[in-house]
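Visitor: Let me give you the structure first, and then I'll get to my questions.
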Amino acid sequence: MKEYNYGIAIHGGAGTILRSLMTAEKEQAYTAALKEAIEAGYQVLDKGGSALQSVERAIISLENCHLFNAGKGSVFNAQGKHEMDASIMEGDTLLAGAIAAVPGVKNPIVLAHKVLTDSDHVLLVGEGALQFGRLHDISEEKEEYFFSQHRYDQWQKIKNTDSFQLDHTEKKSKNLGTVGAVALDKNGNLAAGTSTGGMTNKKYGRIGDSALIGAGTYANNKTCAISCTGSGEYFMRGVTAYDISALMEYKGMTLEEAGNEAILHTLTILGGDGGVISIDRAGNISMPFNSEGMYRAFQNKSQQEIKIYKK
């Protein structure tokens, strides 16, 4: 039986990430967290696990780290609470699961995965998603678990205003955006997942691209697996994750060509910033972005690479 060129890529957000704004200690902390997550996901693949399991495992690691805006590190909304979005998809069956505006769940990606495996739906929201999680013993945490002084200070700056803050647009902040993973397993199956705490001071039940299949997450064995990070509204308008797959399937573009077209051309024209991580069935990995930096890493049988800055 053919063994595919299995591998995994992850991201921890894209935005204004400059060496001049990064201390050595912070850079080391982010690098260590990315390394831990990429190795956790890769170990699943190396032992013969599925791409879906690998994606979930890597994202759990990122969600458990306070440095990233997902799970434990999620930002505060306008009510001073934490509401999280996540989605996951497998490329073989095109099955997908997603949750949005869910409070208190320790690992939103686990709940999204449970929606995929144990429900007839794709997207569950708010209290209904929480009830579904409790039926399946999904771990929850109290509000204190999600508290960090940095996130609280971010919120205080714009609390009681009509402003909201995308992490990646705040030049003083290095704790950026969304987390995600894409993987190809030994059997040639692809998977993608994305998780986020959204935007600081968000109101009115705002949901971003991370919960939406085709916008922030997409996987199809015919083409590729994609996870997006950045200005969610623009990824939704551009249907960016699916756009990359469609460019490959219908225009015959390579993974790199399709990603560059979607991020460096279409997204840029729309006015959005951010990037994607992607992998195809041949094991090719591409991670284009149009911002100053993107926390990212990949690993396959021959190489591990962890990067933060554009250059």
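The values are calculated or read from the model by the stated rules, or taken from the named source; none is laboratory data. What you are looking at is a predicted structure, and each value in this text was computed from that prediction instead of being measured. Cβ placement follows ideal geometry from the backbone for every residue including glycine, while neighbour counts extend to all protein chains displayed.
Visitor: Name the residues in segment 277-311 that are touching a Leu at 6+ places or on another chain (Cβ under 9 Å) and of a type in the set (Val, Ile, Thr), would you?
Guide: Within segment 277-311, 279, 285, 306, 308 meet the criteria.
Visitor: Filter segment 73-88 for residues that are modelled with pLDDT of 95 or more and out of contact with any Pro (no Cβ under 8 Å at 6 or more places or on another chain) and give the result. Outline the logic, then answer.
Guide: Initially, segment 73-88 is screened for residues modelled with pLDDT of 95 or more, giving 85-88.
Correct list: 87, 88.
Visitor: Among the residues of segment 104-117, is any assigned to a loop (DSSP other than H, G, I, E, B), of a type outside the set (Asp, Glu) and more than 22 Å from residue 205 (Cα to Cα)? Explain how you work it out, then say what you get.
Guide: Step one: of segment 104-117, the residues assigned to a loop (DSSP other than H, G, I, E, B) are 104, 106-107.
Retained after the next criterion (residues that are of a type outside the set (Asp, Glu)): 104, 106-107.
Still in the list and also more than 22 Å from residue 205 (Cα to Cα): none.
No; the residues of segment 104-117 include none that is assigned to a loop (DSSP other than H, G, I, E, B), of a type outside the set (Asp, Glu) and more than 22 Å from residue 205 (Cα to Cα).
Visitor: Is it true that some residue in segment 44-56 is of a type in the set (D, E, K, R) and in contact with a Phe, Trp or Tyr (Cβ under 7 Å, 6 or more places away or on another chain)? Let's see the steps before the verdict.
Guide: Here is the first cut: in segment 44-56, the ones of a type in the set (D, E, K, R) are 46-47, 56.
Right, trim to in contact with a Phe, Trp or Tyr (Cβ under 7 Å, 6 or more places away or on another chain) and you get none.
No, segment 44-56 contains no residue that is of a type in the set (D, E, K, R) and in contact with a Phe, Trp or Tyr (Cβ under 7 Å, 6 or more places away or on another chain).
Visitor: Restricting to segment 257-311, count the residues that are crowded, with 24+ Cβ neighbours inside 10 Å and among the basic types (Lys, Arg).
Guide: Residues that pass the stated criteria total 1.
Visitor: Among the residues of segment 34-60, which ones are surrounded by 23 or more Cβ atoms within 10 Å (Cβ to Cβ), of a type in the set (Gly, Ala, Ser) and over 12 Å from the mean Cα position of the chain (by Cα)?
Guide: Result: 37, 41, 51, 54.
Visitor: Mind counting the residues in segment 97-112 that are surrounded by fewer than 24 Cβ atoms within 10 Å (Cβ to Cβ) and among the small types (Gly, Ala, Ser)?
Guide: Number of matching residues: 2.
Visitor: Which number in (1) modelled with pLDDT under 95; (2) over 16 Å from the mean Cα position of the chain (by Cα); (3) surrounded by 24 or more Cβ atoms within 10 Å (Cβ to Cβ) marks the one condition that residue 91 misses?
Guide: Result: residue 91 passes all but (1).
Visitor: Do you know which of the residues in segment 2-24 that are small (Gly, Ala, Ser) and either in contact (Cβ under 8 Å) with a residue 12 or more places away in the chain or assigned to a loop (DSSP other than H, G, I, E, B) (or both) is surrounded by the most Cβ atoms within 10 Å (Cβ to Cβ)? Give the derivation first.
Guide: Step one: list which residues in segment 2-24 are small (Gly, Ala, Ser), which gives 7, 9, 12-15, 20, 24.
With either in contact (Cβ under 8 Å) with a residue 12 or more places away in the chain or assigned to a loop (DSSP other than H, G, I, E, B) (or both) added as a condition, the list becomes 7, 9, 12-15.
Numbers: 7: 26, 9: 29, 12: 28, 13: 32, 14: 30, 15: 28.
Ranking the qualifying residues of segment 2-24, first place goes to 13.
Visitor: Still on this structure, please answer the following. Kindly list the number of the only condition in (1) among the hydrophobic types (A, V, I, L, M, F, W, C); (2) out of contact with any Asp or Glu (no Cβ under 9 Å at 6 or more places or on another chain); (3) more than 15 Å from residue 194 (Cβ to Cβ) that fails for residue 279.
Guide: Evaluating residue 279 over (1) among the hydrophobic types (A, V, I, L, M, F, W, C); (2) out of contact with any Asp or Glu (no Cβ under 9 Å at 6 or more places or on another chain); (3) more than 15 Å from residue 194 (Cβ to Cβ) leaves (3) as the failure.
Visitor: Restricting attention to segment 256-303, which residues are without any contact (Cβ under 8 Å) to a residue 12 or more places away in the chain and of a type in the set (Gly, Ala, Ser)?
Guide: If we filter segment 256-303 for residues that are without any contact (Cβ under 8 Å) to a residue 12 or more places away in the chain, which is where we start, we get 257, 265, 269, 302-303.
Correct list: 302 only.
Visitor: With the requirement that a residue be small (Gly, Ala, Ser), over 17 Å from the mean Cα position of the chain (by Cα) and within 18 Å of residue 193 (Cβ to Cβ), what does segment 109-142 give you?
Guide: So in segment 109-142, the residues small (Gly, Ala, Ser) come out as 112, 119, 126, 128-129, 133, 139.
Next, from what is left, pick out any that are over 17 Å from the mean Cα position of the chain (by Cα): 119, 126, 128-129, 133, 139.
Matches in segment 109-142: 119, 129, 133, 139.
Visitor: Whether any residue in segment 236-245 is closer than 20 Å to residue 112 by Cα and either within 13 Å of the chain's Cα centre (by Cα) or modelled with pLDDT under 95 (or both) is what I want to check.
Guide: yes
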